[in-house]
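Read-outs: derived from the displayed coordinates by stated rules, not from any lab. It should be emphasised that the depicted structure is a prediction, and the values quoted were computed from it without experimental measurement. FYI the Cβ positions are ideal-geometry reconstructions off the backbone, even for glycines, and counts take in every protein chain you see.
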Amino acid sequence: MSRLWRPHIPIMVRCQVAARQLGAAVFEQGIFREEKESASKFLARQLTALAAKLGCTVKDLHLDHDPPLAARPRFRRGLGRKTYYQPAANDPAHLFYRPHGPEFEGSHDVKTRIRGDHGQYSDLALIRREKRRQEKKKPARSDVVSGRGEVRHGKFTSRPLTSCARGAACHCKGDPERWRRRKSACGNWRTAKIGGGR
């Protein structure tokens, strides 16, 4: 299975996510971007305040996609066949900073592997359910389009077709004398004539 495409999350999107999670603390603590302050320094100040609010260190904070990318509907379009998610992978409304370790409340690790928020399925369980749902949508092996364009139902033949029924690989092909001798023995002499001769 190919690795899932995860687009880079821009720093300004990270700032929006942190500001949304801080909520009223932005105004209470005055966490606003100063005039000449870089985006990375502003994000560091936001994450310090958010870590204090969640009771962890800044290193413990991880960005979490909710719902997980593998469980989102995705489609490819354009000349480069770029992958798009629904909702978008970098939508700030569907990104959350969570502490990673299992000892923290709302842990990213627990949500990914054990259980989701409010007793929901974990992320891995949601991904497995989505895979099963997609496999059910795939057509059965017997309902494939044949070379002539018609849909075949039922099982494939258990043995290969005879050489004359294949036409192009007929044993009478190429030799008119042989065709005349063998046309009575050949099960499908019209195919043999087309393939081999006159």
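Worth a mention:
- Residue exposure sequence - Thr48, Thr112 - by fewest surrounding Cβ within 10 Å: Thr48, Thr112
- Packing-based ranking, highest mean first, of 116-127, 96-107 given that Cβ atoms within 10 Å are counted: 96-107, 116-127
- Karplus-based coupling profile of region 39-47, in residue order and whole Hz: 5, 5, 5, 5, 5, 4, 5, 5, 5, with θ = phi - 60° in 6.51 cos²θ - 1.76 cosθ + 1.60 and x standing for Gly or Pro.
- The modelled label-to-label distance between Arg76 and Arg132, using points 7 Å beyond Cα along the C-beta direction, is 2.7 nm.
- Label-to-label distance, Glu105 versus Arg20, with points set 7 angstrom from Cα along the beta-carbon direction: 2.2 nm.
- Gyration tensor verdict on region 11-137 (Cα atoms; rounded if a/c is under 1.5, prolate if a/b is larger than b/c, oblate otherwise): oblate
- The slack between Lys53 and Ala88, meaning 0.36 nm per residue of separation minus the straight C-alpha distance, is 9.8 nm.
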